[in-house]
Structure formats: structure tokens, C-alpha cells
Amino acid sequence: MKIQVQLYIMKYLKITFFFLLAGNSIYAQNHQSYADLENEILGSWHLENDPRTRLNFLENGMLKRYFGDELQSTNRYEITKTCCGEELQDQQFFLKEINKNGNIFCAYIEAINLYKGFFTLMTKSQGKVIVLKKINPDEAEE
């Protein structure tokens, strides 16, 4: 009886270890490096539910916001691990936007998938999910 209990415990521990290891591997594959994000964010994106609202991320760290063809604002942006006193761990990053008055707005970068053309953010203040779609370079206007 004692041997059966020990075998049962060993099986349980092996299975638990396997799931922990597998879960950790999946987690690591779902996050992008800083260099990947810095490169993949570049270009024009529009809100999934409102194609008139466009964001154009430039190599010089500037973010141009458009509504239709009209430029609404030009702000600075950074991909960073810290924003407004919060520091993220591992391969998690913020999109930090700084307007001309020095006000800072932060959003968690969930993922950028250039293959499928999606960029997903979550607002820091309210936890709202924002989905952007990549604009084909032929359609993009600066």
C-alpha cells in the first residue's frame, strides 16, 4: 500500500512538473523582444473598429495621430519597461506616449503580429483592449 502511494505521488509530481515546464515555454514564446517591438511598431496602423483613426509610428520616436486625412497631434513615443512608477518584468513592455505638454500616457503592449497585421494594447488606467490593424504601405499617407 505504501509503495502504491509513493508511485501515485511520483506520477503526480511528474505530471505537475511537465505542465509547469510546458506552460513556461508557451509563456516565453508569446512575448516579443524589445528589438522586435521597436522594429514591428513602425508604420501606419488604424483602429480595428474605426479605420478613420490612424496612428503613424516613425523611426525617430514620433507618433502622428490622424483622423481621416487631418493630422490631430504629433507626440513622442517610447517602448519601455517602466511607466508612471510601474516596472514590468521579463519580456513585457509599455508603449509610453508623451504629448507636447509633457503629459504621459501608458499602455501595456500585448503583442504585435505583423504576419496577421495586428497590434494589441491594453490601457494602463482602465484595462481597455485596443486593437490596431496594419495599413498596407501603398494605402498609408503621412
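What the table shows:
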quantity: 3 or more residues of a type in the set (A, V, I, L, M) and in contact (Cβ under 8 Å) with a residue 40 or more places away in the chain: qualifying strands (runs of 3 or more DSSP E) within region 34-142; calculated: 104-113, 129-134
quantity: Single residue of ILE9, ILE15, ILE26 found to be loosely packed, with under 10 Cβ neighbours inside 10 Å and modelled with pLDDT under 75; calculated: ILE26
quantity: Top-ranked residue of region 83-93 - restricted to ones that are over 16 Å from GLU40 (Cα atoms) and surrounded by 13 or more Cβ atoms within 10 Å (Cβ to Cβ), ranked as modelled with the lowest pLDDT; calculated: LEU88
quantity: Every residue from region 73-115 that is charged (D, E, K, R), farther than 17 Å from ARG54 by Cα and over 14 Å from the mean Cα position of the chain (by Cα); calculated: GLU86, GLU87, LYS100
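The values are calculated or read from the model by the stated rules, or taken from the named source; none is laboratory data. All of these numbers come straight from a predicted model, not from anything done at the bench. Every residue, glycine among them, receives a Cβ derived from its backbone with ideal geometry; neighbour counts consider all protein chains shown.
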